[in-house]
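Only the coordinates and a few stated rules stand behind these numbers; no lab work does. None of these values were measured; they are calculated from a predicted model. All Cβ positions, glycine included, derive from the backbone under ideal geometry; neighbour counts span all protein chains shown.
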Amino acid sequence: MNITIRKIGNSEGVIIPKEVLDRLGLKAGDQMQLTAKDGGLQMQPLEEAFQRQLEHANRFMDKYKIALKKLAE
């Protein structure tokens, strides 16, 4: 399957065909992990459990920002 890199605002991106999204169970707004591998790119959906854990960690770090900074010193 060939796709083209396109200008999107100040960025560049690719459009993933609907058939591929349907096959992977993805929709607009879902997050993907992008990895450079063997001279190419590999994309895979983020696991929902991991995503929830990451969001929780970010909230925790925001809430205890000062304490974490002091611990790092």
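For the chain, the longest principal axis of the alpha carbon atoms and the long axis of helix 48-63 meet at an angle near 40°.
Taking a straight Cα-Cα cut-off under 24 Å and skipping sequence neighbours fewer than 8 places away in the same chain, the lysines within cross-link reach of LYS7 are LYS18, LYS27, LYS37.
The modelled label-to-label distance between ILE15 and ASP38, using points 7 Å beyond Cα along the C-beta direction, is 2.9 nm. As I understand it, the dipole of the chain uses +1 on the Cβ of Lys and Arg and -1 on the Cβ of Asp and Glu, about the Cα centre. Which of ILE15, TYR64, LEU46 lies farthest toward its positive end? Result: TYR64, furthest along the dipole toward the positive end. Ignoring aspartates and glutamates fewer than eight residues from LYS70 along the same chain, the ones with Cα atoms less than 19 angstrom from its Cα are ASP62. Applying the Karplus relation 6.51 cos²θ - 1.76 cosθ + 1.60 with θ = phi - 60° to the stretch 13-21 yields 3J(HN,Hα) values of x, 10, 9, 8, x, 4, 4, 5, 4 Hz, where x marks Gly and Pro. Across the chain, the relative contact order, built from alpha-carbon pairs under 8 Å that are at least six residues apart, equals 14 percent. For LEU26, no residue whose modelled amide H falls within less than 5 Å of its own remains once neighbours fewer than 5 places apart on the same chain are excluded.
Report the antiparallel proportion of the DSSP beta bridges in the chain as a percent, rounded to a multiple of 5. Don't skip to the answer; put the middle values down first.
Values: 9 of 9 bridges.
Bridges in the chain are about 100 percent antiparallel.
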